[in-house]
1. Within segment 89-103, is even one residue part of a loop (DSSP other than H, G, I, E, B) and under 21 Å from the mean Cα position of the chain (by Cα)?
2. Restricting the search to segment 279-311, which residues are of a type in the set (D, E, K, R) and open to solvent by 30 Å² or more (accessible area, probe 1.4 Å)?
3. Could you pull out the residue among P226, P180, P195 that is modelled with pLDDT of 95 or more and over 20 Å from the mean Cα position of the chain (by Cα)?
4. Failed condition for D169, given (1) outside any helix (DSSP H, G or I); (2) in contact with a Pro (Cβ under 8 Å, 6 or more places away or on another chain); (3) surrounded by fewer than 22 Cβ atoms within 10 Å (Cβ to Cβ), with all others met?
5. Quick one: which residue in D143, D151 is within 23 Å of V232 (Cβ to Cβ), free of Cβ contacts under 8 Å to residues at least 12 places away in the same chain and open to solvent by 20 Å² or more (accessible area, probe 1.4 Å)?
6. Sort out which residues of segment 318-337 are more than 20 Å from T282 (Cα to Cα) and either in contact with a strand residue (DSSP E or B) (Cβ under 6 Å, 6 or more places away or on another chain) or outside any loop (DSSP other than H, G, I, E, B) (or both), and write them in order of number.
7. Could you list all residues from segment 172-186 that are surrounded by fewer than 22 Cβ atoms within 10 Å (Cβ to Cβ) and aliphatic (A, V, I, L, M)?
8. Within segment 19-48, count every residue that is on the phi > 0 side of the Ramachandran plot and assigned to a strand (DSSP E or B).
Amino acid sequence: MSTLAVPAAQTSAQDAELRFPPGFWWGAATAAYQVEGAVAKDGRTPSIWDTFAATPGRTDRGDTGERAADHYHRYLDDIALMTRIGLGAYRFSVAWPRVRAAGGGINPAGLDFYERLVDALLAAGIRPVATLYHWDLPQELEDAGGWTARDTAGRFADYAAAVAGRLGDRVSMWNTLNEPWCSAFLGYGSGGHAPGRRGHRQALTAAHHLLLAHGRAVQALRAAAPRSHVSVALNAGAVRPVTDTPADHDAARRIDGLLNRLFLDPILRGGYPADIQADTATITDWSYVRDGDLAAIAAPIDALGVNYYQPDLVGAAPAGQVDTGTPYPTGEDIAFHPTPGPTTGMGWSIDPTGLRDLLLRFRRDYGELPVYVTENGAAFPDEVGPDGRVADPHRIDYVRAHLAAAHEAIAAGVDLRGYFVWSLLDNFEWAYGYSKRFGIVHVDYDTQVRTLKDSAHWYRDVITAGGIPLR
């Protein structure tokens with residue numbers, strides 16, 4: 001286990017190894033259901049994650065986001081922590097169930113909260129970066145079909161217009177969706193995420209309607225706030241074949257198509273990948289794609305967000321081995337292999353070259369679009385020590401290595417404009433409940449006491465230096 005040879009507090013701007021461009025956004029990210037709590041406060045209606053988490057066996061130990069990190073009540077204290085860390089930007093998500101009133105329409109009290117949050121961030125000199133959808137679909141809309149229903153895309157555009165109408169003059173950047181792959185393929189394909197439905201055809205249908213919602217939201221944001229800076233945050237990945245055999249290369253092609261190109265191509269090229277449509281022809285006829293949809297999805301965006309955690313190493317499964325639980329349509333005969341080397345507390349491979357390669361791939365395949373790393377981080381079993389300190393050297397090493405990889409991409413010509421560590425706070429980690437800690441700030445869930453981890457102090461010095469400090 002490596003540690004810093006120079007204490008974080010002694011690192012100065014002169015010690016930076018790798019400088020990032022002037023004006024680079026140094027941020028941290030959270031999501032509403034993971035941190036806010038207050039699930040029944042001020043007119044908020046139930047979301048699919050409230051329902052999912054309340055269903056026995058769906059989350060670790062039956063944990064829910066009912067209280068989470070209580071950010072709804074403690075956001076001013078949390079902004080004070082952001083100021084101590086030196087954050088220049090905070091990426092949060094707006095909870096659709098707070099803004100949508102029961103039965104439809106707008107809940108003014110929900111918008112009031114986000115207005116208070118945005119104004120407090122601006123007063124602290126922190127850029128507000130708002131994500132409109134981070135997986136918390138209102139349960140009433142799920143009851144009407146959820147993302148398998150085309151109408152949900154229209155309702156999302158209405159919601160985007162309402163939020164932009166209130167906050168569009170103050171939000172520095174909008175992410176329409178966060179990780180639509182997860183919403184579609186884990187929520188409607190494998191059932192591991194809310195709403196917990198299973199079926200490859202409905203997963204592909206949901207993916208299209210999520211993309212349509214993105215496109216319509218872009219148009220709504222432009223109309224409501226013409227100066228909006230608009231992006232989308234994708235969990236794109238570096239997909240690599242485990243060997244050089246044709247079968248393993250084909251497995252990588254298919255996974256890359258479903259993880260990356262299924263979302264990137266319609267947004268940035270105006271069409272779905274022909275090979276993936278052919279691969280899935282026995283699952284769906286794609287009749288849910290209607291005239292005008294692809295043009296709407298391809299509405300120009302100002303930047304692309306990427307959430308990166310690990311690469312995927314894949315190959316053809318041994319004969320007779322079938323993965324019936326795969327979230328990937330046509331992926332039953334594909335095996336995922338661990339990348340050699342260390343892993344995080346999630347069991348995810350630590351391989352920053354995947355981030356570098358992914359950023360380079362964006363530039364090569366999709367052009368000069370500005371890019372932000374909208375999530376990157378690692379879970380480890382952190383504890384507060386007897387001295388009140390939370391030592392997390394593994395997280396420091398993880399972030400340092402990924403920032404170095406991002407710097408390589410910048411040096412190679414990628415227009416990378418910002419980095420958001422995941423996460424600001426320890427929080428409700430979806431189906432894992434509170435068993436995984438991603439934060440650079442430790443949260444005692446019983447007392448809600450916050451403690452800056454060593455990684456938060458280290459990140460503060462990175463921000464101050466404008467680059468990665470010496471070891």
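The values are calculated or read from the model by the stated rules, or taken from the named source; none is laboratory data. All values reported here derive from a predicted model rather than from experimental measurement. Every residue, glycine as well, gets a Cβ built from its backbone with ideal geometry; the counts of neighbours run over all protein chains shown. Protein only, heavy atoms only, side chains kept; ligands, DNA and RNA dropped before computing areas. Shrake-Rupley method; radii C 1.70, N 1.55, O 1.52, S 1.80 Å.
1. Checked segment 89-103: at least one residue is part of a loop (DSSP other than H, G, I, E, B) and under 21 Å from the mean Cα position of the chain (by Cα).
2. Going through segment 279-311, the residues of a type in the set (D, E, K, R) turn out to be 279, 285, 290-291, 293, 302.
Matches in segment 279-311: D279, D285, R290, D291, D302.
3. Working: P180 fails: over 20 Å from the mean Cα position of the chain (by Cα); P195 fails: over 20 Å from the mean Cα position of the chain (by Cα).
None of the others qualify; the one that does is P226.
4. (2)
5. Details: D143 fails: within 23 Å of V232 (Cβ to Cβ).
On inspection, the qualifying residue turns out to be D151.
6. Listed by number, the residues that qualify are A335, F336, H337.
7. Taking segment 172-186 first, the residues surrounded by fewer than 22 Cβ atoms within 10 Å (Cβ to Cβ) are 172, 182, 186.
If the condition is that a residue be surrounded by fewer than 22 Cβ atoms within 10 Å (Cβ to Cβ) and aliphatic (A, V, I, L, M), then L186 is the only one that fits.
8. Within segment 19-48, the first condition is being on the phi > 0 side of the Ramachandran plot, and the residues that meet it are 23, 37-38, 42-43.
Cutting the leftovers down to assigned to a strand (DSSP E or B) gives us none.
Number of matching residues: 0.
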